[in-house]
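The values are calculated or read from the model by the stated rules, or taken from the named source; none is laboratory data. Bear in mind that the values here come from a model prediction, so they are computed numbers and not experimental data. Neighbour counts run over all protein chains shown; Cβ positions are idealised from the backbone, glycine included. SASA here: full protein model, heavy atoms, side chains in, ligands and nucleic acids out. Shrake-Rupley method; radii C 1.70, N 1.55, O 1.52, S 1.80 Å.
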Amino acid sequence: MACSVIKGISGPVVTAGGSGFFMMEMVYVGRSRLIGEVIGLSGGVSTIQVYEETEGLSLGEPVEGTGAPMSIMLGPGIMNNIFDGIERPLSELEKIDGAFISRGSKVSLLPEDKKWETKVIPQVGDYLYGGDIIAEVHETDSVTHRSLVPPDVSGEVIRTAPDGYYTITEPVVTLRTPSGEEKELFLAHRWPIRTPRPVKERLPMTVPLITGQRIIDTLFPVAKGGTAAVPGGFGTGKTMTQHQLAKWCDADIIIYVGCGERGNEMSQVLDEFSSLIDPRTNRPMTERTCLIANTSNMPVAAREASIYTGITLAEYYRDMGYHVAIMADSTSRWAEALREISGRLEEMPAEEGFPAYLPSRLSEFYERAGRTVSFGGKEGSVTIIGAVSPQGSDFSEPVTQNTKRFVRTFWALDKSLAYARHYPAINWILSYSEYGVDLEDWFDAHGGDRFLEYKRRVSHLLGEEDRLMEIVKLIGADVLPDDQKLILETSAVIRQGFLQQNAFHKDDTYVPLEKQRRMMEVILHLHDGAAKLISSAVPISQIKRLGLFEKLNRMKYDIPNDDLTKFDEYIREIDEALEKVR
């Protein structure tokens, strides 16, 4: 392995003399053997970013190459665990260092002494390719772990272990490769974090990720395998929105990356997820969740790596045939890490000091999403939902603008809505989803009768309200004709009774798609009935006195998710009340 010595230190950036290293090689820096990665080679000088604090390093200390790129371990033990940005389990680091992580701490990325209940799949004589399943492991009560042949390995099975209990260091299958050598396969294997795992086929985005959040599922859906951005200023609810999606979306696996967030927010995630019962399995939510915690007081270079660690874990479970949702909170903190490292490297800054390669790095990350068929024949997906934290809620800043180039769903959080306690604080005018056309066939088949028609009408009414409010601000609402006043009344019900959602109410925290459809049906039924009366010269003031609009604001609480027949009672009550006005 290549060896050298430290020639210069600038924060997390270290330069070493000599050649022999290669780009993106993982190295050990200093006598404490800090983990680093080669990010530059020029004129016999190697530039290394170090993933741990460099305080105390001195010139002349050794730098040792590993001969391999920066990699993580993929195998059983990922679920129900919390890692730092380079996949070191924090629970194991705590046993060694206590509450504060020491530099150079060495732990196994996955438990090497734990024996897993294993069912070996292939038989002697089978020919395996990269992505084929070699064993099924009982990882948690919610997740069956399917250990895979590494993508770059293939061969004929010459030996298999019997079913039983094995650690990740014990071989379970032995292959004879095309070159004639024997290759032992284990329950776990390593994979470089910056290299996307290959797939056999990419599938179109035609299936939505159902979240139970009305404004998302109805107006701005995201497809399984799609990408979404959640931009918003401080206090607008980015983290809260991602928590809600992580709890309730219909993904099989959740990877939550806390990238540069405050430590108290990550503590809240741990507390919530450890106490939450998964509605899909009635088991603890943590059994199908992996958390990557790289808080704001952790080394800045590891923050940059944490995003790639998270997406690599997501791709691994995708290749097993699972639908995975990765929450990146937040990509702005990740971009700030890029900016700091770029400044240490004395690179030419671009807009607002960010490096010129910010767009390409963002695209590299978001383009690893997708709905795919693996080489093992399993269909899976990785859906990326990235939070963006523009300073002062300025959506024109570089991270937000470049993120919009690479995502197809944009949930713009609004400070005024958040301060008015309207959650989720997604602005229905600024937000958009480009998956609407792709998902129409699915909603036609599964959304229920006239779902798409109701969705279009609700969107139209909200747009009309936005146009009318410009007039109201200038001359007041009293001058509007009654049919336009009705649009304002109906839109207020849509905003308060439909789009606003209460995460602490048992029937409103998650709303099935059929209830969403029926809620739109009732709101539009009242609107149509009132419009007919107004066209017959009945004043809207008389209709408002019936109290129907206020009643519809409460129906999200009054109608339980398991008894949707009450919507029929609402429609009868509307018809009877309007009939009396005629």
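Annotation note: of Q516, Q496, the sole residue that is of a type outside the set (S, T, Y), surrounded by fewer than 19 Cβ atoms within 10 Å (Cβ to Cβ) and within 36 Å of the chain's Cα centre (by Cα) is Q496.
I'd like to check something: does the range 475-482 contain any residue that is open to solvent by 20 Å² or more (accessible area, probe 1.4 Å) and among the β-branched types (V, I, T)? Within the range 475-482 (the criterion being open to solvent by 20 Å² or more (accessible area, probe 1.4 Å) and among the β-branched types (V, I, T)), the answer is yes, since at least one residue qualifies. Output the number of residues of the range 548-574 satisfying the condition of being of a type outside the set (K, R) and touching a helix residue (DSSP H, G or I) at 6+ places or on another chain (Cβ under 7 Å). The qualifying residues number 12. Scanning the range 260-299 for residues that are assigned to a helix (DSSP H, G or I), open to solvent by 20 Å² or more (accessible area, probe 1.4 Å) and hydrophobic (A, V, I, L, M, F, W, C) yields a total of 1.
Residues in the range 333-360 that are open to solvent by 70 Å² or more (accessible area, probe 1.4 Å) and assigned to a strand (DSSP E or B): 1 in all. Within the range 391-417, residues that are open to solvent by less than 30 Å² (accessible area, probe 1.4 Å) sit with their Cβ atoms under 8 Å from residues that are of a type in the set (K, R) and assigned to a helix (DSSP H, G or I), at 6+ positions apart or across chains, in these pairs: F410/K404; L413/K238. Residues considered: V511, V458, V472, V479. Of these, the only one that is more than 27 Å from Q242 (Cβ to Cβ) and touching a residue at least 12 places away in the same chain (Cβ under 8 Å) is V472. Would you check if D444 is in contact with a strand residue (DSSP E or B) (Cβ under 8 Å, 6 or more places away or on another chain) and open to solvent by 40 Å² or more (accessible area, probe 1.4 Å)? Spelling it out, it is not the case that D444 is in contact with a strand residue (DSSP E or B) (Cβ under 8 Å, 6 or more places away or on another chain) and open to solvent by 40 Å² or more (accessible area, probe 1.4 Å).
Scanning the range 185-222 for residues that are farther than 17 Å from W248 by Cα and among the acidic types (D, E) turns up just one, E201.
Would you be able to say whether some residue in the range 524-535 is surrounded by fewer than 19 Cβ atoms within 10 Å (Cβ to Cβ) and touching a Gly at 6+ places or on another chain (Cβ under 7 Å)? Within the range 524-535 (the criterion being surrounded by fewer than 19 Cβ atoms within 10 Å (Cβ to Cβ) and touching a Gly at 6+ places or on another chain (Cβ under 7 Å)), the answer is no, since none of the residues qualifies. Inside the range 322-349, residues that are free of Cβ contacts under 8 Å to residues at least 24 places away in the same chain, among the charged types (D, E, K, R) and farther than 17 Å from Q391 by Cα make up a count of 2.
The single condition from (1) farther than 23 Å from I255 by Cβ; (2) assigned to a helix (DSSP H, G or I); (3) among the hydrophobic types (A, V, I, L, M, F, W, C) that F365 fails is (1).
All conditions but one from (1) part of a loop (DSSP other than H, G, I, E, B); (2) buried (at least 18 other Cβ atoms within 10 Å of the Cβ); (3) of a type in the set (A, V, I, L, M) apply to A99; the one that does not is (2). Evaluation of W428 against the conditions (1) assigned to a helix (DSSP H, G or I); (2) of a type in the set (A, V, I, L, M, F, W, C); (3) open to solvent by 40 Å² or more (accessible area, probe 1.4 Å) shows that the sole unmet condition is (1).
Which residues, taken from the range 142-171, are polar (S, T, N, Q), in contact (Cβ under 8 Å) with a residue 12 or more places away in the chain and surrounded by fewer than 17 Cβ atoms within 10 Å (Cβ to Cβ)? The answer is T169, and nothing else. Looking only at the range 18-39, which residues are open to solvent by less than 10 Å² (accessible area, probe 1.4 Å) and either touching a Leu at 6+ places or on another chain (Cβ under 8 Å) or outside any strand (DSSP E or B) (or both)? Matches in the range 18-39: V29, G30, L34. Looking across the range 536-582 at every residue that is under 42 Å from the mean Cα position of the chain (by Cα), loosely packed, with under 12 Cβ neighbours inside 10 Å and touching a residue at least 12 places away in the same chain (Cβ under 8 Å), the one that is nearest to Q496 (Cα to Cα) is identified as R554. The residue of the range 431-441 that is most open to solvent (accessible area, probe 1.4 Å), among those that are of a type outside the set (D, E, K, R) and touching a strand residue (DSSP E or B) at 6+ places or on another chain (Cβ under 9 Å), is Y432. State which residue is surrounded by the most Cβ atoms within 10 Å (Cβ to Cβ) when the search covers only the range 218-238 and only residues that are in a loop (DSSP other than H, G, I, E, B) and under 13 Å from the mean Cα position of the chain (by Cα). My answer is V222. Listed by first and then second residue, the pairs linking a residue in the range 127-141 that is charged (D, E, K, R) to a residue that is surrounded by 18 or more Cβ atoms within 10 Å (Cβ to Cβ) and part of a loop (DSSP other than H, G, I, E, B), with Cβ atoms under 6 Å apart and 6 or more places separating them unless they lie on different chains, are D132/V149; D132/G376; E139/P76; E139/M79. For the condition under 26 Å from E139 (Cβ atoms), acidic (D, E) and touching a helix residue (DSSP H, G or I) at 6+ places or on another chain (Cβ under 7 Å), E87 qualifies.
If you check S71, S91, S105 for being without any contact (Cβ under 8 Å) to a residue 40 or more places away in the chain, out of contact with any Cys (no Cβ under 8 Å at 6 or more places or on another chain) and open to solvent by less than 30 Å² (accessible area, probe 1.4 Å), only one passes: S105. Count of the range 1-17 residues, restricted to those that are out of contact with any strand residue (DSSP E or B) (no Cβ under 7 Å at 6 or more places or on another chain) and either among the small types (G, A, S) or open to solvent by less than 60 Å² (accessible area, probe 1.4 Å) (or both), is 2. Total residues in the range 108-121 satisfying the condition of being surrounded by 17 or more Cβ atoms within 10 Å (Cβ to Cβ), modelled with pLDDT of 95 or more and not β-branched (V, I, T): the figure is 1.
Inspect the range 239-247 for any residue being open to solvent by less than 40 Å² (accessible area, probe 1.4 Å) and either on the phi > 0 side of the Ramachandran plot or part of a loop (DSSP other than H, G, I, E, B) (or both) and give the result as yes or no. Within the range 239-247 (the criterion being open to solvent by less than 40 Å² (accessible area, probe 1.4 Å) and either on the phi > 0 side of the Ramachandran plot or part of a loop (DSSP other than H, G, I, E, B) (or both)), the answer is no, since none of the residues qualifies.
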